[in-house]
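Let me begin by presenting the structure, written as structure tokens, before commenting on it.
The values are calculated or read from the model by the stated rules, or taken from the named source; none is laboratory data. Everything numeric here is computed off the predicted structure, so don't read it as measured data.
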Amino acid sequence: MAIHLSSIMHAKQILRRSLLIGREGVSVPKGYLAVYVGERQKKRFVVPVSFLNQPLFQDLLSKAEEEFGFDHPMGGLTIPCTEDTFIALTSQLSQS
């Protein structure tokens, strides 16, 4: 699945905003990014930027683009899945 150049540019803008200061006012460490996950109540997770290269994570980014476009309600990158699904996926990516 290819990611378009304009998609990458918009994603970088969103990530840049979320990297500066998160919703809770806590800085995100270098090499990580903040994402918001959950169906109704959004929870903030900090994940390594290396996940951006992983096909499973890219699938989540594509779903986020389909659902939200580039206007994310939390001000940062919002992933449209349950917390349990996200935790299972990131655990799988951490073991790779």
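So the values come out like this:
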quantity	calculated
Matching residues, region 58-82, being of a type in the set (Asp, Glu), assigned to a helix (DSSP H, G or I) and at pLDDT below 90	GLU65, GLU66, GLU67
Qualifying positions in region 1-57 - modelled with pLDDT of 90 or more and assigned to a helix (DSSP H, G or I)	VAL49, SER50, PHE51, LEU52, ASN53, PRO55, LEU56, PHE57
